[in-house]
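Heads up, the thing below is written out as structure tokens.
The values are calculated or read from the model by the stated rules, or taken from the named source; none is laboratory data. What you are looking at is a predicted structure, and each value in this text was computed from that prediction instead of being measured. Cβ atoms come from the backbone with ideal geometry, glycine included; neighbour counts cover every protein chain shown.
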Amino acid sequence: MLFQTARMVRNPLSYLEQCRREFGDIFTLRIALGTMVHLTTPANIKVLFTGEPENLLAGEANYNLFGAISGRGTVFTMDGEAHLHRRRLLSPPFRGERMLQYTELMRDITEQVIATWPVHRPFALHPYMQQITLRVILAAVFGLEVGPQADGLSHLLAMLANVGTSSPLLLMPMLQWDLGRYSPWGRIVHLLKKTHTALDLEIGRRRGLNQESGSREDILSLLLEIKDEEEHPLTDQELRDELIVMLLAGHETTGTTLAWVFERILSEPDVLEKIRVELAAVVGNERLDRQNIARLEFLEATIKEAMRVRPIMPQAGVRKLAAPFEIAGYKLPAGTLVANTPHLLHRNPDLYPEPDRFLPERFLRRNVNPYEWTPFGGGVRRCLGMAFALHEIKVVLATVFTKIRLRLADSPVKVGRRGFFIAPADGTRVVVVGI
Ligand code: HEM
């Protein structure tokens, strides 16, 4: 187990490729998370994503990793009927067409962060992408103003958002020993308690405000309004835990994906040129807004292609079997973990001819097949924030490429790790060469 875990941590992509070469389309690894069967073909991934949610437990698998932080009763950590019910409640604020209204907010935050970039001097983009995605989540999801004068709650949430990458090992239940405020896990428990108290206060304050004034556009305000079929709203604790899940699920993921998308585009001068031509034709001298962003089709296709070749999760969509399960002729016992493996699925030449080439045209004016393109997982558990993340990535790219000229400082960029995610080893170092 230690050997396989170490190889997955140190060199996940080449290890996965080697496993497929040696063992074929379906293989098992014994890693720290458990015995995990990896699926790499659309047919098997479809079985995983369309199977009975009562047997294929995503919540259980997620709880084992994030439960100590998120709690048991969230959309991320529940299963079966309870999960479906919560998901139905949370979905309306995340629907695709609603995302357009965050365009200007996302654009303004990106412009503020770009204004702090050094000129003619190499720097890593990744930390700036993390700044953008954190500020966007705090503003669009929590309705919090963030800036140099960030208040107490924003500061606590920013620290919590980084736990997954600053101390990923601490997410292993066996290492979660609370030996007081100054022990590694004790510090996180203390941070979590303070964040809960501050969030409870904020939710109480916002319930009052919502009754007075109604119509704010942030997701917390919308969630305060929702009620289930029996007219029950979400309780303060349910709201608080769901908000923490959205922060943890949405910040590092989107920032790391952005670092890769920039790396891919800046490595491909032809693609960069096509993006510039499209921006000039669609946005021109106007400002980016909710009308013109919808017409950036090539940019949208480029993001999908970048996520095809650089999905950030080695396993995106893990299910724990509640009962024995048969797939591709193999009988798997209860307790086994089964995972979608996008890196291998996305490199299949039958699905993507010349898979190593970066060709955004593959995704131009065609819907993606949900079992052939899976960086957001799938089925009833597909990422709730997918439309939000794709829209944010598009706004950030369009804002940057209409404002400044960038080039990569070093290439090729090596593949590295940041916590659970596959990230550019150098954080995608770039140079601003023109404004
Ligand atoms: C590029 C950025 C992102 C990537 C790559 C990503 C990827 C994923 C993946 C692979 C899953 C598991 C899906 C499965 O089990 O089949 C997931 C679940 C989830 N994600 Fe994301 N995510 C991203 C951004 C976001 C954002 C911005 C939010 C919210 C603001 C978010 C909220 C969630 C939630 C709530 C779930 C649990 C859904 C459920 O179990 O029903 N994610 N995400």
Discussion item. Return the residues of the stretch 302-326 that are more than 16 Å from the ligand (Cβ to nearest atom) and either aliphatic (A, V, I, L, M) or under 24 Å from the mean Cα position of the chain (by Cα) (or both); say none if nothing qualifies.
Written reply: ALA323
Worksheet item: For the stretch 185-207, does any single residue satisfy the condition of being at pLDDT below 70 and surrounded by fewer than 16 Cβ atoms within 10 Å (Cβ to Cβ)?
Response: no
Practice prompt. Answer yes or no as to whether ALA334 is without any contact (Cβ under 8 Å) to a residue 60 or more places away in the chain and not hydroxyl-bearing (Ser, Thr, Tyr).
Written response: yes
Response to the item:
All-but-one check, THR374 against (1) near the ligand (Cβ under 10 Å from one of its atoms); (2) among the hydroxyl-bearing types (Ser, Thr, Tyr); (3) over 30 Å from ALA139 (Cβ atoms), failing number (3)
Fill in: Top-ranked residue of the stretch 82-111 - restricted to ones that are under 29 Å from LEU192 (Cβ atoms) and more than 13 Å from the ligand (Cβ to nearest atom), ranked as surrounded by the fewest Cβ atoms within 10 Å (Cβ to Cβ)
PRO92
Item to complete: Give the stretch 328-343 a look and list any residue that's within 16 Å of the ligand (Cβ to nearest atom) and either outside any loop (DSSP other than H, G, I, E, B) or among the aromatic types (Phe, Trp, Tyr) (or both), or say none.
Response: LEU337, VAL338, ALA339, ASN340, PRO342, HIS343
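So, restricting to helices (runs of 4 or more DSSP H) that lie completely within the stretch 196-291, which ones have at least 2 residues that are within 24 Å of LEU100 (Cβ to Cβ) and without any contact (Cβ under 8 Å) to a residue 24 or more places away in the chain?
219-225, 269-282
PHE388: within 15 Å of the ligand (Cβ to nearest atom) and either assigned to a loop (DSSP other than H, G, I, E, B) or surrounded by 19 or more Cβ atoms within 10 Å (Cβ to Cβ) (or both), yes or no?
Answer is yes for this residue.
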Worksheet item: Mind checking which residues of the stretch 214-235 are buried (at least 16 other Cβ atoms within 10 Å of the Cβ) and either among the charged types (D, E, K, R) or within 17 Å of THR195 (Cβ to Cβ) (or both)?
Response: ASP218, LEU220
